[in-house]
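Undergrad: Okay, here's the structure, questions in a sec.
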Amino acid sequence: MSSTTQQGRRERRLHETRQRLLAAALDLFATQGYTATTFDHIAARADVGRQTAFNHFRRKEDFVVAWVRQRHQHLNRHDAAHPSRRASAVELLTSQLRTLAEFNEHDYALAKDLYDNGVLHSAFAAGAPTPDAFLAAVTRGRQSGEIRQDIDAELVADMVFDTYTTTLARWLKADGAFPLGETLATKLGILVTGIAAPPADATTSN
């Protein structure tokens, strides 16, 4: 067996172990709460040793960072696998925001517990950058003339992402009292059109 094959198998085993640990942690966070869950609980649920769990995730917060990144990667892969040439940049961004909203609605108990314990915000700040899918949509919009070319694409993508994270926090704080997807779409529309009123028609003032 070649060293390349052995290395490939080792990397696959490491990846499988990491994913098993992440799945175990998220399940425990959702069912018994983030605070009540320990590394020992996670290792036992994943059927690995405690040190193995530490080798993959140094802090309990790292499981949350990995969860957020996993969602963004899913969003990026979905957009790459299902390119839509006819959709506008705004339509793409709206679809992406709705997808993220659906993720949170599906995993509401988990997201709510992580928010209430203050670790969800930390996860965004610690290592969950703006999804590549946002930047790709904005870049496409600049190229097609839908989005101003004098504004940096990364800045626009970051603004969309900031809108998402802030709205998500308010939604979780309000116990899901308003429709997350619709609210995100509405805010994106305001971001696109701006908040300044159009200048009054000169003929109207006469």
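Undergrad: Given C-alpha coordinates of segment 98-182, what is the ratio Rg to Rh with the Kirkwood estimate of Rh?
TA: 1.04
Undergrad: Still on this structure, I have one more. Considering the values (i) 16.5, 53; (ii) 21.0, 87; (iii) 17.8, 59, which represents Rg and Dmax of the Cα atoms in Å as calculated for the structure under consideration?
TA: Matching the structure shown: (ii).
Undergrad: Another question about this same structure. Using a 10 angstrom Cβ neighbour count of at most 13 plus a DSSP loop assignment to flag exposed trypsin sites (Lys or Arg not before Pro), which longest range of the chain is free of such sites?
TA: It works out to 87-147.
Undergrad: OK, next. With each label point set 7 Å from Cα along the Cα-Cβ vector, what nm distance links A174 and A200?
TA: Label at A174, label at A200, 3.3 nm between them.
Undergrad: On average, how much accessible surface per residue is there in the chain, in Å², for a 1.4 Å probe, leaving out ligands, DNA and RNA? Intermediate results must be reported in sequence, preceding the final value.
TA: Details: 12220 Å² over 206 residues.
Normalised by residue count, the accessible surface of the chain is 59 Å².
Undergrad: Further, regarding this structure: Based solely on its DSSP helices, what 222 nm [θ] is calculated for the chain when runs of n ≥ 4 H residues each add -39,500 (n - 2.57) and the sum is averaged over all residues, nearest 500 deg cm²/dmol? Don't skip to the end; give the middle numbers.
TA: Values: 11 runs with 154 residues, N = 206.
Counting only the DSSP helices, I get -24000 deg cm²/dmol.
Undergrad: Let me ask something additional. Would you mind checking segment 48-78 for residues with the amide N under 13 Å from a putative spin-label position 7 Å along Cα→C-beta of A126?
TA: The answer is 57-69, whose backbone nitrogens lie closer than 13 Å to the label point.
Undergrad: Also, quick follow-up: Reachable lysines from K173, Cα under 16 Å, same-chain residues fewer than 8 places away excluded?
TA: K112
Undergrad: OK, next. In sequence order, what are the phi-derived ³J(HN,Hα) couplings for segment 29-39 according to the Karplus relation 6.51 cos²θ - 1.76 cosθ + 1.60 with θ = phi - 60°, rounded to whole Hz, with x for glycine and proline?
TA: Karplus-based 3J(HN,Hα) across segment 29-39 equals 4, 6, 8, 10, x, 5, 5, 6, 8, 10, 4 Hz.
Undergrad: Heavy atoms only, probe 1.4 Å: what % of the accessible area of the chain goes to carbon and sulfur, would you let me know?
TA: Carbon and sulfur: 51 percent of the exposed surface of the chain.
The values are calculated or read from the model by the stated rules, or taken from the named source; none is laboratory data. Remember, it's a predicted structure, so these values are computed and weren't measured experimentally. Note that each Cβ is placed from the backbone with ideal geometry, even for glycine, and that neighbours are counted across all protein chains shown. Quick note on the areas: whole protein, heavy atoms, side chains included, nothing else; ligands and nucleic acids left out. Shrake-Rupley method; radii C 1.70, N 1.55, O 1.52, S 1.80 Å.
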